[in-house]
Amino acid sequence: TPFYTNLALWVGGLILVSILKQEVDKDEKVRKFTAGQAYFGRWLLFVAVGLVQGLIVCVGDILLLKVQCVHPVAFVCVGVFCSFVYVNLIYALALTFKHIGKALGVVLVILQIPGSAGSGGTFPIQCAPKFFQVVYPLLPFTHSMNAMRECIAGMYGANIWKYLGILAIFFPISLFIGLVLRPLLMNLNHLFDKRLSETELMLGETES
């Protein structure tokens, strides 16, 4: 349950950046705003939808799939928090690096499937290749799955807060990508999107 729930939440974030615009357009009413204001303006939409996604997935686990869970309320709260972190990270990557960022989101989920599965999702980490034994502590899935496992099977001490605390580190990382790196790459991204649009083959999202 923790593995497939987190997989669904991450894929939900990828779908959001595929169907919703990341850039904010200027119009007659709002003609001027900073890069940070544009970031958080669209961020509110992505986070709101991401929280709803997390709520639907986790409540569906309990009510529809009848997952046995010792702490169902905590499970839903952890799932919503995981969705919040994932959407922040995916949104920051997609907004900052455009198509490359979306591809990085796909690469991350591909990397996390065997890595997090080896951390207890489907088999022990000792059975995974050496590469995944090294990187699995750095993957968001590892800590979100452990936090959900605490809710499902029963909590041991304050472990759940340790897992959520490590997972929360990815939030400031996403803000750094979106608020610090993005302004440095805006001109390059604009040129890249313009060239993509000129090909008439690929979509290039530009600011207007």
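Taking the stated definitions as given, is Ser116 modelled with pLDDT under 90, part of a helix (DSSP H, G or I) and buried (at least 21 other Cβ atoms within 10 Å of the Cβ)? Yes, satisfied.
Evaluating Gln53 against the criteria (1) open to solvent by 60 Å² or more (accessible area, probe 1.4 Å); (2) out of contact with any Phe, Trp or Tyr (no Cβ under 9 Å at 6 or more places or on another chain) leaves one unmet condition, (1).
Is it the case, given these coordinates, that Ile113 is farther than 15 Å from Ala168 by Cβ, touching a Leu at 6+ places or on another chain (Cβ under 8 Å) and of a type outside the set (Phe, Trp, Tyr)?
Yes, satisfied.
If I filter segment 76-96 down to residues being farther than 16 Å from Arg42 by Cα and not hydroxyl-bearing (Ser, Thr, Tyr), which single residue comes out as most open to solvent (accessible area, probe 1.4 Å)?
Taking segment 76-96 and keeping what is farther than 16 Å from Arg42 by Cα, we get 76-83.
After this cut, where a residue has to be not hydroxyl-bearing (Ser, Thr, Tyr) as well, the list is 76-82.
Working: Val76: 25, Cys77: 82, Val78: 7, Gly79: 0, Val80: 34, Phe81: 64, Cys82: 0 Å².
Once the filter is applied, the top-ranked residue is Cys77.
Taking each residue of segment 19-41 that is under 15 Å from Asn88 (Cα atoms) and looking for partners that are among the aliphatic types (A, V, I, L, M) and open to solvent by 40 Å² or more (accessible area, probe 1.4 Å) with beta-carbon atoms closer than 7 Å, six or more apart or interchain, yields Leu20/Leu45; Gly36/Leu179; Tyr39/Leu179. Checked against (1) part of a helix (DSSP H, G or I); (2) under 18 Å from Met145 (Cβ atoms), Leu65 passes all but a single condition, namely (1).
Please verify whether segment 150-158 includes one or more residues that are at negative phi, part of a helix (DSSP H, G or I), open to solvent by 30 Å² or more (accessible area, probe 1.4 Å) and free of Cβ contacts under 8 Å to residues at least 60 places away in the same chain. It would help to see each step written out before you state the result.
The first filter runs over segment 150-158 and keeps only residues at negative phi, leaving 150-153, 155-156, 158.
If we keep only those that are part of a helix (DSSP H, G or I) too, we end up with 150-153.
Restricting the remaining residues to those that are open to solvent by 30 Å² or more (accessible area, probe 1.4 Å) gives 152-153.
Subsequent filtering for residues that are free of Cβ contacts under 8 Å to residues at least 60 places away in the same chain retains none.
No, segment 150-158 contains no residue that is at negative phi, part of a helix (DSSP H, G or I), open to solvent by 30 Å² or more (accessible area, probe 1.4 Å) and free of Cβ contacts under 8 Å to residues at least 60 places away in the same chain.
Might you check whether a residue that is assigned to a loop (DSSP other than H, G, I, E, B) and more than 28 Å from Tyr136 (Cα to Cα) occurs anywhere in segment 41-60? No.
The values are calculated or read from the model by the stated rules, or taken from the named source; none is laboratory data. Keep in mind the model is a prediction, meaning the values are calculated, not measured. Every residue, glycine among them, receives a Cβ derived from its backbone with ideal geometry; neighbour counts consider all protein chains shown. These accessible areas exclude ligands, DNA and RNA; they are computed on the full protein's heavy atoms, side chains included. Shrake-Rupley method; radii C 1.70, N 1.55, O 1.52, S 1.80 Å.
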